[in-house]
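A.B. asks: My questions will all concern the structure given below.
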Amino acid sequence: MNKVTLAIATSLTGLVLMSSHNAEDLFKSAVFTPANGFTSGVEGPAVDKSGTVYAVNFAKQGTIGQITTGGEASVFVELPEGSVGNGIRFNKKGDMFIADYPKHNILKVAAGTKNVSVFANEPRMNQPNDIAIDGKDRLYASDPSWKNNTGNIWRIDTDGKVTLLEANMGTTNGIEVGPDDKRLYVNESNQRKVWVYDLSASGQVSNKRLLIEFPDFGMDGMRCDVDGNLYITRFGKGTIAKVSPEGKVIQEVQLIGKRPTNICFGGKDGRTAYVTLQDQGNLESFRVDKPGREWRIQKK
């Protein structure tokens with residue numbers, strides 16, 4: 001092959017790769033479930049090993065909805081009387097954990113069942129809001145007091161023991177563990193700050209520092225991809241901010257709704273983002289370039 005032919009072949013290969021990449025139409029959000037199928041309390045999206053998406057408050061408060069990959073939603077379970085879910089996470093066995101904020105509980109639905117039980121209860125909590133999970137299946141819960149603009153962080157061990165990690169923060173909301181289990185991220189909605197801690201092998205936090213502070217709009221749930229980039233819901237702005245581990249905004253994904261409450265990753269390759277929208281009562285989805293951290297853990 002002469003130099004001219006090689007140059008043409010290389011150029012064509014580059015065009016094919018570029019065309020293939022663009023064909024995916026990354027970071028373009030579209031409606032995933034019909035508007036108002038969920039209540040305005042729609043939150044806590046999570047994906048199980050089979051690819052089914054779950055979110056709280058389908059059709060009425062106090063339910064967990066399940067959604068097929070085609071966007072068809074139905075009731076998965078109804079929670080006990082007076083319980084309302086927020087964040088959802090799955091452990092490696094496939095057990096579902098739900099933050100039940102009115103009753104200060106972390107609820108559990110054992111894998112393969114629809115039996116709802118109390119996994120942990122902590123009366124000192126304001127209200128468990130979002131939850132994160134590390135590679136050892138330990139949970140971390142944000143705990144805001146909206147009326148006081150304050151909040152806490154808790155760890156819930158695999159035996160249900162609850163430990164206070166930090167008190168007297170701002171309004172703690174979104175919470176996530178980094179890909180290597182060495183970082184814990186927590187955001188404060190009203191203060192518009194995202195904090196990062198060093199996370200030890202025993203689940204302790206230290207070396208708190210500011211990752212990023214936004215000048216406007218609030219924040220809600222957030223998730224990491226496998227590279228440690230944070231996808232942060234910008235409540236009121238109607239975007240998802242993709243933020244690097246160094247605290248730089250890489251890009252913002254424009255949504256259809258204006259009040260995103262949380263985000264998760266799933267799909268056949270972990271590169272589909274699902275976002276819950278308070279003002280639309282539904283979920284949107286878009287494709288991303290790297291799989292979600294939690295999806296990768298479930299596949300191991």
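The values are calculated or read from the model by the stated rules, or taken from the named source; none is laboratory data. Computed from a prediction, not measured in an experiment: that's the story for all the values here. So basically every Cβ, Gly included, is an ideal-geometry build from the backbone, and we count neighbours across all protein chains shown. Surface areas here come from the heavy atoms of the whole protein model, side chains and all, with no ligands, DNA or RNA. Shrake-Rupley method; radii C 1.70, N 1.55, O 1.52, S 1.80 Å.
A.B. asks: How much length would be gained if the chain were fully extended between residue 167 and residue 289, taking 0.36 nm per residue of separation minus their Cα-Cα distance, in nm to one decimal?
C.D. replies: So the extension gain works out to 40.3 nm.
A.B. asks: With a 1.4 Å probe and all protein chains left in place, how much accessible area per residue does the chain have, in Å²?
C.D. replies: Heavy-atom SASA per residue in the chain reads 42 Å².
A.B. asks: Could I ask something else about it? Given R₀ = 35 Å, what would the calculated FRET efficiency be for residue 110 paired with residue 35, taking r from the Cβ atoms and rounding to 0.05?
C.D. replies: Computed FRET efficiency for residue 110 and residue 35 comes out at 0.60.
A.B. asks: Leaving ligands, DNA and RNA out of it, work out the accessible area of residue 249 with a 1.4 Å probe and give it in Å² to the nearest 10.
C.D. replies: 70 Å²
A.B. asks: Ok, one more. Work out how much length residue 117 to residue 299 would gain on full extension: take 0.36 nm times their residue separation and subtract the Cα-Cα distance, in nm to one decimal.
C.D. replies: 62.9 nm
A.B. asks: Can you grab the distance from the C-alpha centre of the stretch 33-66 to the C-alpha centre of the stretch 94-126, Å, no decimals?
C.D. replies: Distance between centres, Cα-based: 16 Å.
A.B. asks: Using just the helices of the chain, give the 222 nm mean residue ellipticity in deg cm²/dmol: DSSP H runs with n ≥ 4 each add -39,500 (n - 2.57), and the total is spread over all residues, rounded to 500.
C.D. replies: Rounded to the nearest 500, the figure is -3000 deg cm²/dmol.
A.B. asks: Now, a different point. Which links in 60/93; 268/290; 237/290; 108/290; 92/242 stretch past 18 Å when you go from one Cα to the other?
C.D. replies: 60/93; 237/290; 108/290; 92/242
A.B. asks: Of all accessible surface on the stretch 43-197 at a 1.4 Å probe, what whole percent is carbon and sulfur?
C.D. replies: Roughly 45 percent of what the probe reaches on the stretch 43-197 is carbon or sulfur.
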